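**Student:** Below is the structure I would like to discuss, written out as structure tokens.
The values are calculated or read from the model by the stated rules, or taken from the named source; none is laboratory data. From a predicted model like this one, the values you see are computed outputs, not experimental measurements. With ideal geometry, Cβ positions are generated from the backbone for all residues, glycine too; neighbour counts draw on all protein chains shown.
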Amino acid sequence: MNTENLPPIKQGLFRRIFALYGMLLVLSIIGTELYVAGTVRESRTRDLRKSLSVQADLIGQNVPFRDPAVLDELCRRLKDATGSRVTIITLAGKVQGDSDHASASMDNHLTRVEVQQAILSGTGSVVRHSDTLDSNMIYLARKITQKGRAAGIVRLSMPLGDVDASVRTLRIRMLLAVVAILLMTGLFSLWQIERVRRLTVQIRDFARALAKGDLGQRLFLGRAGEFDEIADSLNSMSLDLKHSIAATEEERNRLSVILSSIPDALLISDAQGIIRLTSAASRTFFGDLPLTGRQFIEVVRDRHFLAALDIVRREHRSETAEVTLDRPSEQHCIVRISPLFYRAGELSGMVAVFHDVTQLKKLEQVRKDFVANISHEIRTPITAIQGFAETLLDGAIDDRENSRKFVETIRENSKRINSLVEDLMTISKIELGVISVERSVVAFQDAADAVFAVLRDKAVDKGLELRRDIPPGIGVIQADRDRLIQVLTNLVENAIKFTDRGSVTLGITENNDRTSIYVSDTGIGIQEKHLPRLGERFYRVDAARSRTMGGTGLGLAIVKHLVKAHGWEMRIKSTLGKGTTVTILLEPDQGDAAQMD
Amino acid sequence: MAHQKEQDIEALKERILKMGSLVEDAIRKAVKALVERDRDLALGVIDGDAIVNTLDVEIEEECIRFLAIWQPSGSNLRFVTTAIKIITDLERMGDLAVDICERSVELLDEPQLKPYIDIPRMAEASQKMLKDSLDAFVARDADKALAVCAADDFVDNLNSQIFNELLIYMLQDPKNISRAVRLSYITKYLERVADHATNIAEMVVYMVRGKVIRHMACEIRNSDKT
């Protein structure tokens, strides 16, 4: 079928084997023929000689040697009876009678080999070519003893033609047999070769399919003897391969799942420090920087990291370093580098795990700042109180004019400590969840009035205009009135603090079915880098300025918490020199509540 | 054999970047020591320069050994020649960090002349140039390197601006002169750091594109870029 389409197997081997066996066959048959022909010829000649010898003896007993005249006639009659030429010779070699020729005309036969042998040993035999008959003749001479003394010699001769003919027949038969056998074996071996070739092609194609990864198929050859064993081994190999490849694949999948699911950046390198494998999360640590094929140092150029890397390489033990990555954004990481050993004692790679501790660092910083800030915030007024109190004690108390000012300063500072403590209490209450938000329907106009009533003086002092922006139809919101006023007061107060001229606007708008409150000013604005940290406790854009205005650094933190407690959202937008707008997005269903009312 | 050659190149790159990271760190600490008036930090940077100097000598030897053994051509040749020039610039920057620290230590004898605003800005810009030039070297990014060259003008302008400011301080009160001159030295050092970063960036362009752009005006470079 499809095996025919594929390139055939090379036939050289089969041709050579076939030629070799054919040659061996021919040679052995020729050898056999030669041996058999020789043996047949010899045994035939021996049999003939024996029978001739017996005939000669029998003839000799009845030959009347002393009567030569009848001998020719006797010989002719004997030939008729036996089929052999019969010659009777005297001991002197003279021919006395012959069946074929007239004895008188024949020469002396004493010189003939068979005659001489017979005179000497009783029997003589020779095979000689006869010119007269043009064939090989066997001659047998026998010395005849009559009445106890040698009487003469009887020689019989026969053509060997019979023997030759039978040998020839034998040879032709064997030749025919050889041709037949050759034909048969040829056909048989051609058939066998074709069969083996087909099996080989099948096995080859199967092996090729295996190599291509077409696993799990079975090779079935039918009854093919030794080839069945090969097929069995190939089948079990295919199965084993399938299993082991499946196992490898599973292992690889497992690895890639692990690499894609861990949240840390994981870089695995070879012994040279060139990165070979990375976790999916590495992207969030290193941005679009290409990683694999790079050296560690190309990716992390940080001396602490390098020092750790050196230690891992030199001492073959794990090492931890703290590094700051700046791509795509600044990240603080704890990185642990461990050596990998695929073989004992020989460093085969390294694995570096980057764990993001930016948040932890931030929290740590916030805590540190908080402690530092709170002690600072409290110490400043206390120092002032202490200083003025000491000045008073040192005698200023009698200075009517100044002492009053000093005492006022002391009161101012006490108030500041008080407000600080109050703010802290508020914040910790909110954080602990003690303060709950009691929603009710609040008219925004009322809240704004309350806020402006408190802050009007401050605004007037700085020459600022306080504006209200309340469009008709969205005047009512759902909120905790007191908390709302607290939030708005803090925001407007902040705005007044950081605005030197122009106005502060408190407004409410509706955009995309979402109501939002905003406080905007025409003040100094805030640098963009400060925006994310606004609302942290004691975080101040300009610490000196804020403190001279009596800020505690907690106002916006409180606002942030209260806004969050309402489930609202606060956004701050600012342009340096132009002003700041703080927007509080109320929860989406506020609009409905307002309309229902 | 080719494998060994690549490994040598990688090893060379690693050491250059190591040197770069040390110099980056030294300059960052030098500026911090100045702004925060931290004597120990300054002295630490001065001590640390020895490592940078050693690396300079070692890397140069390695480069020469590489040239002798492999007789490189093409990009490898450009890499090694670039490396030799880059480490010279890095070594000089290390020295400048030491100089900044020495002036900072001297400035500690007197109160701070003025709040430092532009000097940290200038330091930030110079450091970014150094960082970007090394990043360009790592990424073989000629465009990034050209951006570093362009940033040099900003630092130069800041330098002359700060100088004018310091001049006013000196004219106001002769007692300011010694501090103002030291600060002016420091801005000069930072300006030099930026120049060396520019040199590195130019060498990176040469390494990537095989084209020398040194001593060319910015416009020509940019027109070349497009």
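**Student:** Within the range A:205-237, restricting attention to residues that are farther than 28 Å from A:Gln192 by Cα and touching a Lys or Arg at 6+ places or on another chain (Cβ under 8 Å), which residue is surrounded by the most Cβ atoms within 10 Å (Cβ to Cβ)?
**Tutor:** This residue is A:Leu215.
**Student:** Where in the range A:59-153 are there strands (runs of 3 or more DSSP E), lying wholly inside it, with at least 3 residues that are within 21 Å of A:Arg49 (Cβ to Cβ)?
**Tutor:** On the way: elements: A:85-89, A:95-98, A:123-130, A:135-146.
Correct list: A:85-89, A:123-130, A:135-146.
**Student:** Is there a residue in the range A:242-260 that is under 30 Å from B:Asp141 (Cα atoms), in contact (Cβ under 8 Å) with a residue 12 or more places away in the chain and more than 14 Å from chain B (Cβ to nearest Cβ)? Break it down into steps so the answer makes sense when it comes.
**Tutor:** Kept after step one, since they are under 30 Å from B:Asp141 (Cα atoms), are these residues of the range A:242-260: A:259-260.
The next check asks that each one be in contact (Cβ under 8 Å) with a residue 12 or more places away in the chain; those that pass are A:259-260.
Among the residues that remain, those that are also more than 14 Å from chain B (Cβ to nearest Cβ) are: A:259-260.
The answer is yes; a qualifying residue exists.
**Student:** Are any residues in the range B:86-113 crowded, with 19+ Cβ neighbours inside 10 Å and of a type in the set (Lys, Arg), and if so, which ones?
**Tutor:** B:Arg103
**Student:** Can you tell which of A:Arg547, A:Arg540 is assigned to a helix (DSSP H, G or I), modelled with pLDDT under 85, surrounded by fewer than 21 Cβ atoms within 10 Å (Cβ to Cβ) and among the charged types (D, E, K, R)? Spell out how you get there, then give the answer.
**Tutor:** On the way: A:Arg540 fails: assigned to a helix (DSSP H, G or I).
Exactly one residue qualifies, and that residue is A:Arg547.
**Student:** Taking the criterion of being exposed (fewer than 14 other Cβ atoms within 10 Å of the Cβ) and over 24 Å from A:Phe370 (Cα atoms), would at least one residue in the range A:514-529 satisfy it? First the steps, then the outcome.
**Tutor:** Of the residues in the range A:514-529, the ones exposed (fewer than 14 other Cβ atoms within 10 Å of the Cβ) are A:527-529.
Add one more test, that the residue is over 24 Å from A:Phe370 (Cα atoms), and what stays is none.
No - not one qualifying residue is present in the range A:514-529.
**Student:** Then there is this: Collect the residues in the range A:297-311 that are more than 8 Å from chain B (Cβ to nearest Cβ) and surrounded by 21 or more Cβ atoms within 10 Å (Cβ to Cβ), keeping them in residue-number order. Working first, answer last.
**Tutor:** Residues of the range A:297-311 more than 8 Å from chain B (Cβ to nearest Cβ): A:299-300, A:304-305, A:307-311.
Within the range A:297-311, A:Val299, A:Val300, A:Phe305, A:Ala308, A:Leu309 meet the criteria.
**Student:** What number goes with the only condition from (1) more than 30 Å from B:Ala11 (Cα to Cα); (2) free of Cβ contacts under 8 Å to residues at least 40 places away in the same chain; (3) within 14 Å of chain A (Cβ to nearest Cβ) that B:Pro120 does not pass?
**Tutor:** (2)
Residue by residue, here is whether (1) modelled with pLDDT under 85; (2) β-branched (Val, Ile, Thr); (3) assigned to a loop (DSSP other than H, G, I, E, B); (4) closer than 26 Å to A:Gly577 by Cβ holds:
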| residue | (1), (2), (3), (4) |
| --- | --- |
| A:Val441 | no, yes, no, no |
| A:Val460 | no, yes, no, yes |
| A:Ile474 | yes, yes, yes, no |
| A:Leu506 | no, no, no, yes |
| A:His530 | yes, no, no, yes |
| A:Gly535 | yes, no, yes, yes |
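**Student:** From A:Arg173, A:Arg208, grab the single residue that is among the charged types (D, E, K, R), part of a helix (DSSP H, G or I) and under 38 Å from the mean Cα position of the chain (by Cα). Write out each step before concluding.
**Tutor:** Details: A:Arg173 fails: under 38 Å from the mean Cα position of the chain (by Cα).
A:Arg208 is the lone residue from the list that is among the charged types (D, E, K, R), part of a helix (DSSP H, G or I) and under 38 Å from the mean Cα position of the chain (by Cα).
**Student:** I've got another one for you. State whether the residues of the range A:273-286 include one that is of a type in the set (Phe, Trp, Tyr), outside any loop (DSSP other than H, G, I, E, B) and farther than 21 Å from A:Lys362 by Cα.
**Tutor:** Here is the first cut: in the range A:273-286, the ones of a type in the set (Phe, Trp, Tyr) are A:285-286.
Of the ones still in play, those that are also outside any loop (DSSP other than H, G, I, E, B) are A:285-286.
Retained after the next criterion (residues that are farther than 21 Å from A:Lys362 by Cα): none.
Scanning the range A:273-286, I find no residue that is of a type in the set (Phe, Trp, Tyr), outside any loop (DSSP other than H, G, I, E, B) and farther than 21 Å from A:Lys362 by Cα, so the answer is no.
**Student:** Something else about it: Can you find a residue that is within 14 Å of chain A (Cβ to nearest Cβ), in a loop (DSSP other than H, G, I, E, B), at negative phi and touching a residue at least 60 places away in the same chain (Cβ under 8 Å) anywhere in the range B:131-141? It would help to see each step written out before you state the result.
**Tutor:** Start the filter on the range B:131-141 by keeping residues that are within 14 Å of chain A (Cβ to nearest Cβ), which leaves B:131-141.
Subsequent filtering for residues that are in a loop (DSSP other than H, G, I, E, B) retains B:140-141.
Checking which are at negative phi leaves us with B:141.
If we keep only those that are touching a residue at least 60 places away in the same chain (Cβ under 8 Å) as well, we get B:141.
Yes, there is a match, as at least one residue in the range B:131-141 is within 14 Å of chain A (Cβ to nearest Cβ), in a loop (DSSP other than H, G, I, E, B), at negative phi and touching a residue at least 60 places away in the same chain (Cβ under 8 Å).
**Student:** Please work out which residue is surrounded by the fewest Cβ atoms within 10 Å (Cβ to Cβ), limiting yourself to the range A:93-127 and to residues that are in contact with a strand residue (DSSP E or B) (Cβ under 6 Å, 6 or more places away or on another chain) and small (Gly, Ala, Ser).
**Tutor:** A:Gly122
**Student:** Continuing with this model, one more query. If you scan the range A:328-357, which residues turn out to be surrounded by 14 or more Cβ atoms within 10 Å (Cβ to Cβ) and within 16 Å of A:Arg283 (Cα to Cα)?
**Tutor:** A:Gln331, A:His332, A:Cys333, A:Val335, A:Ala352, A:Val353, A:Phe354, A:His355, A:Asp356, listed by residue number.
**Student:** Please go through the range A:269-289 and give me each residue that is within 12 Å of chain B (Cβ to nearest Cβ) and closer than 22 Å to B:Lys5 by Cβ, ordered by number.
**Tutor:** Passing the criteria: A:Ser269, A:Asp270, A:Ala271, A:Gln272, A:Gly273, A:Ile274, A:Ile275.
**Student:** Something else: Could you go through the range A:371-383 and let me know if any residue there is free of Cβ contacts under 8 Å to residues at least 40 places away in the same chain, within 30 Å of A:Leu554 (Cβ to Cβ) and buried (at least 16 other Cβ atoms within 10 Å of the Cβ).
**Tutor:** Scanning the range A:371-383 turns up at least one residue that is free of Cβ contacts under 8 Å to residues at least 40 places away in the same chain, within 30 Å of A:Leu554 (Cβ to Cβ) and buried (at least 16 other Cβ atoms within 10 Å of the Cβ).
**Student:** If I filter the range A:392-411 down to residues being acidic (Asp, Glu) and modelled with pLDDT of 85 or more, which single residue comes out as farthest from A:Thr380 (Cα to Cα)? Before you say what the answer is, go through the steps one by one.
**Tutor:** First, pick out the residues of the range A:392-411 that are acidic (Asp, Glu): A:394, A:398-399, A:401, A:408.
From the residues that got through so far, the ones that are modelled with pLDDT of 85 or more too are A:394, A:408.
Working: A:Asp394: 21, A:Glu408: 16 Å.
Ranking the qualifying residues of the range A:392-411, first place goes to A:Asp394.
**Student:** Quick check: anything in the range B:154-164 farther than 11 Å from B:Thr187 by Cα, surrounded by 19 or more Cβ atoms within 10 Å (Cβ to Cβ) and away from chain A (no Cβ under 14 Å)?
**Tutor:** No, there is no match, as no residue in the range B:154-164 is farther than 11 Å from B:Thr187 by Cα, surrounded by 19 or more Cβ atoms within 10 Å (Cβ to Cβ) and away from chain A (no Cβ under 14 Å).
**Student:** Being assigned to a loop (DSSP other than H, G, I, E, B) and among the charged types (D, E, K, R) is the filter; apply it to the range A:314-358 and report the residue that is farthest from A:Leu277 (Cα to Cα).
**Tutor:** Of all residues in the range A:314-358, those assigned to a loop (DSSP other than H, G, I, E, B) come to A:316-318, A:326-330, A:341-342, A:344-345, A:347-348, A:357.
Narrowing further to those that are among the charged types (D, E, K, R): A:317, A:326-327, A:330.
On the way: A:Arg317: 20, A:Asp326: 21, A:Arg327: 19, A:Glu330: 23 Å.
Applying the filter and picking the extreme gives A:Glu330.
**Student:** Can you find a residue in the range A:389-408 that is more than 30 Å from A:Thr292 (Cα to Cα) and in contact (Cβ under 8 Å) with a residue 24 or more places away in the chain?
**Tutor:** Pass one, the range A:389-408, residues more than 30 Å from A:Thr292 (Cα to Cα): A:389-408.
Next cut, in contact (Cβ under 8 Å) with a residue 24 or more places away in the chain only: none.
The answer is no; no qualifying residue exists.
**Student:** Anything in the range A:462-500 that is closer than 22 Å to A:Arg540 by Cβ and without any contact (Cβ under 8 Å) to a residue 60 or more places away in the chain? List them, or say none. Write out each step before concluding.
**Tutor:** Of the residues in the range A:462-500, the ones closer than 22 Å to A:Arg540 by Cβ are A:462, A:464, A:486-500.
Across the range A:462-500, the qualifying residues are A:Lys462, A:Leu464, A:Leu488, A:Thr489, A:Val492, A:Ile496, A:Lys497, A:Asp500.
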